[in-house]
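What follows draws every value from the coordinates through simple rules; no lab data is involved. Please read all numbers here as calculations on a predicted model, not as lab measurements. Glycine gets a Cβ as well: all are built from the backbone with ideal geometry, and neighbour counts include every protein chain shown.
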Amino acid sequence: MPPAPVRPRLLVNGNAAPSLHRDLTSVRVHVAVGQATAQVALAGPAEVGLFDLDDVVNTSLEIRLLQDEEFFAGWLTAVETKSGADVRTVLYAEGSAPETASSSPLPLSFGAEASGSVRRDADGWTAHCTCSQLALRMNSRIALTTQDPAFDGQLRVVEAWYTITAQEASVEFLAVDDRSA
């Protein structure tokens with residue numbers, strides 16, 4: 001059974017923004033060491049008065065997920081309008097996303113919870129995978145099981161791209177050998 005769709009909660013300048021929830025088509029958050037960027041796509045124009053277009057950079061954006069946990073917090077950097085029937089407005093923001101330093105690794109298995117690749121070289125292991133575990137954060141430890149036991153191992157997430165739409169949620173991530181992270 002596929003997981004239930006995730007509906008992010010969006011706050012602008014600390015306040016809930018009902019029009020953003022209604023018009024939301026997708027959220028994309030990219031997290032790398034110490035920083036995060038977000039793109040929020042809306043099916044229509046952003047609500048008039050939600051923020052001042054002449055002063056976008058002084059508008060805060062917060063994205064909350066999973067039991068209202070903070071997922072992204074930052075400041076708008078741009079607002080874009082697009083022609084066409086699908087997406088009309090995109091909000092861009094820069095900020096931060098919470099990290100995790102869990103002691104127990106999250107188990108992920110190729111074919112069951114994850115897909116992707118694992119590369120081993122002189123510097124260690126690197127995995128480039130996709131899963132639906134939105135609880136995965138920067139520095140999360142994972143116990144990856146592949147089709148070849150020689151590539152199974154403990155890894156630590158060093159970069160992640162979260163994509164959330166009405167139909168699905170996915171996390172594309174890079175993880176490295178936990179001993180070298």
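General observations
- Given +1 at the Cβ of Lys and Arg, -1 at the Cβ of Asp and Glu and no other charges, the dipole of the chain around its Cα centre is 300 debye to the nearest 20.
- Region 128-170: relative contact order in percent, alpha carbon pairs under 8 Å with at least 6 residues between: 40
- For the pair residue 147 and residue 11, label points projected 7 Å from Cα toward Cβ lie 4.5 nm apart.
- Largest-first principal axis extents, alpha carbons of region 69-181, Å: 49, 28, 27
- Scattering curve values for region 1-62, log₁₀ I(q)/I(0), Debye with Cα scatterers, q = 0.17 Å⁻¹: -0.68
- Efficiency of FRET from Cβ geometry, residue 82 and residue 55, R₀ 30 Å, rounded to 0.05: 0.85
- In the chain, the DSSP-assigned H stretches of four residues or longer account for a calculated mean residue ellipticity at 222 nm of -500 deg cm²/dmol, using -39500 (n - 2.57) per stretch and the full residue count as denominator.
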